[in-house]
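Down below is the structure, laid out as structure tokens.
All of the numbers you see were taken from the coordinates with simple rules; none came from a lab. Remember, it's a predicted structure, so these values are computed and weren't measured experimentally. Cβ coordinates were reconstructed from backbone atoms using ideal geometry, including for glycine residues, and neighbour counts include every protein chain displayed.
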Amino acid sequence: MAKSFLDITEHSSLITSFILLISLPIIMLLLVKPPIITFDQVLIIWLTIVLISFTHYAVYTEQLQHKNEENIRLVEKRLEYFYRPLKTLFICYKGTPIECYENKTDEFYKIGCYRHLAKKDTFCYYEKCTGCIPTNDTILKLLDQIAKDIDALQKEYTELKS
């Protein structure tokens, strides 16, 4: 998912607050007479804390971006290897779904190698079609669920890309 300006500013304000909270005790140490630590030591400690905070922020944003890219690849795989080939298998055939299934069983099972990419409901419908003697009704339910999932995955894909 793309980060909004609000997310970035919220995270930045957390970093700034953290730096200020750490800075206050250090400043208090400088005000003690006689000083426990020197100004140079305070500056080094403060800069170290600032650098650690910014490093954390950089790693955090990199992880978010990497997770977003993984989700995009997963959606692409789901569509490319399972959903679209299965939909195309039945759409390109001129006859009832059960006739298509009976004539193209091998292709149906080849596509089924990627059924682990399917969402839960679609996976269950696919298993019903392969586990017993399929009927027009079970195949139509599978096709209906595939159409719903394709729409949902395309919406998810566009959200992830933006």
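Side notes on the structure shown:
- Check: segment 73-161 dipole with +1 on Lys, Arg Cβ and -1 on Asp, Glu Cβ, in debye: 260 debye
- Assuming charge only on the beta carbon of Lys and Arg (+1) and of Asp and Glu (-1), the dipole of the chain about its Cα centre is about 80 debye to the nearest 20.
- Comparing Lys119, Lys128, Lys94 in a Gaussian network model of the chain where C-alpha atoms under 10 Å apart are linked, the largest mean-square fluctuation is found at Lys94.
- Above-threshold pairs, the threshold being 27 Å between Cα atoms, out of Lys94/Lys120; Lys77/Lys120; Lys104/Lys141; Lys77/Lys104: Lys94/Lys120
- The GNM of the chain, with springs linking C-alpha atoms under 10 angstrom apart, assigns the highest mean-square fluctuation among Leu117, Leu86, Leu51 to Leu51.
- Note that the chain shows a convex hull volume over its alpha carbon atoms of 133 Å³ per residue.
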